[in-house]
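Engineer: Okay, here's the structure, questions in a sec.
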Amino acid sequence: MTMQRLCATLFRAIPALTLVLAAGAASADPIYWTDWIGADTDPGPGFIGHGNITTPTATVNVTYTNAAGIGFYQSSGGIDYWTPRTPGTNSPYTSAQVDNPPTGTDIIALRYAGDQTLTFSQSIVNPVFAFVSLNGNGYAFLNQDFEILSFGAGLGAAAPGNHSCGYWGCGTVSKQVVDLGGGNIEYRLIGTGEPHGAIRFTGTFDSLTWRSMTSEYWNGFTVGVQNTANEANPPTGVPLPATWLLMVAGGAGLLASRRGRKTSL
């Protein structure tokens, strides 16, 4: 193949590659949810649970700590509370940003007011927090803003609540921003009815801390991610697909330019 034909072939391929990349960017990436394992490792009245998030290239160890204790811990078996109330309808946990609901039956069910923390063995990006039955409680995240992605208010409701009801029913959620002074802000997730849904934190995190605002038995949660920080920002020298495409286009243009100059000499 001559250089001129090679350049022409590359230029013809670029529009198709661009469409493929654009189509991939338009859909949500899968969420890798925590696989909660084992039992309570706190020797006292509190609770410590452990789990793993397995992405295509990494395993993140997750530790949940709650000094007040919890309602119950389901690391295997039991009821799948992540299913819609009506089978076959859209999930209250999926959205344009979340491709798949939590898998399996793993859940941590809360009971008491007070602080709790999730810690991650390596930095994660844009964690997604899914919740069940946030009806008599609210979650207050200190200096950690979030966006509401979806919740099950019933089909026909306005977005982002236009999803099937969750396992325990329908409800809505809202965000309240409270300035505590001294540079501290609480971002509160408030539920009415029987809300089931998902929120997302934007940024890079090693931990998440929040406060259950009331004692209510029970409301539950799990957490997942699309990427670790290393996956979202790969080491220099490893080109991403879009970068590779630009390299191909630039290289083809350079070859065509050199070919043209040589022909004109």
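Since every read-out is calculated from the coordinates, none of them should be taken as a lab result. Keep in mind the model is a prediction, meaning the values are calculated, not measured. Using ideal geometry, Cβ is built from the backbone for each residue, glycine included, and neighbour counts are taken over all protein chains shown.
Engineer: Order the peptides 178-185, 57-64, 74-81 from the highest to the lowest mean number of other Cβ atoms within 10 Å of their residues.
Structural biologist: On the way: 178-185: 9.2, 57-64: 16.4, 74-81: 14.5.
Most protected by this proxy first, the peptides run 57-64, 74-81, 178-185.
Engineer: Note the full-extension length gain between THR204 and THR63 as 0.36 nm times their separation in residues minus their Cα-Cα distance, in nm to one decimal. Before the final figure, lay out the partial values.
Structural biologist: On the way: separation 141, 0.36 × 141 = 50.76 nm, distance 1.69 nm.
Separation in residues times 0.36 nm, less the Cα-Cα distance, equals 49.1 nm.
Engineer: If you take every residue apart from GLN97 with its C-beta less than 14 Å away from the C-beta of GLN97, what net charge results, scoring Lys and Arg +1 and Asp and Glu -1? Could the numbers behind the result be given before it?
Structural biologist: Numbers: positive: ARG200; negative: ASP29, ASP99, GLU147.
Result for the local shell: -2.
Engineer: By the scheme Lys and Arg +1, Asp and Glu -1, what is the net charge of all other residues having a beta-carbon under 15 Å from that of ALA68? Before the final figure, lay out each step's value.
Structural biologist: Details: positive: ARG111, ARG211; negative: ASP40, ASP42, ASP115, GLU216.
My count for the surroundings of ALA68 gives -2.
Engineer: Once fully extended, how much extra length lies between GLN122 and ASN90, figured as 0.36 nm per residue of separation less the alpha-carbon to alpha-carbon distance?
Structural biologist: The span from GLN122 to ASN90 would gain 8.3 nm if fully extended.
Engineer: With labels modelled as points extended 7 Å from the Cα through the Cβ direction, what inter-label distance (nm, one decimal) is found for ASN143 paired with VAL178?
Structural biologist: Result for the modelled spin labels: 1.8 nm.
Engineer: In sequence order, what are the phi-derived ³J(HN,Hα) couplings for segment 120-126 according to the Karplus relation 6.51 cos²θ - 1.76 cosθ + 1.60 with θ = phi - 60°, rounded to whole Hz, with x for glycine and proline?
Structural biologist: 10, 5, 8, 5, 10, 10, 6
Engineer: If you keep only loop residues by DSSP, which trypsin sites (Lys or Arg not before Pro) in segment 145-234 have at most 10 other Cβ atoms within 10 Å of their Cβ? Walk me through the numbers on the way to the answer.
Structural biologist: Details: sites: LYS175, ARG188, ARG200, ARG211; in loops: none.
Sites meeting the loop and neighbour criteria: none at all.
Engineer: Could you work out the local net charge near ASN143, counting Lys and Arg as +1, Asp and Glu as -1, over the other residues with Cβ closer than 13 Å to its Cβ? Can you show the working numbers first?
Structural biologist: Numbers: positive: ARG188, ARG211; negative: ASP145, ASP179, GLU186.
Surrounding charge for ASN143 is -1.
Engineer: Work out from phi, with θ = phi - 60° and the Karplus expression 6.51 cos²θ - 1.76 cosθ + 1.60, the ³J(HN,Hα) of each residue of segment 168-179, listed in order in whole Hz, and give x for Gly and Pro.
Structural biologist: 9, x, 9, x, 10, 10, 9, 10, 10, 10, 10, 7
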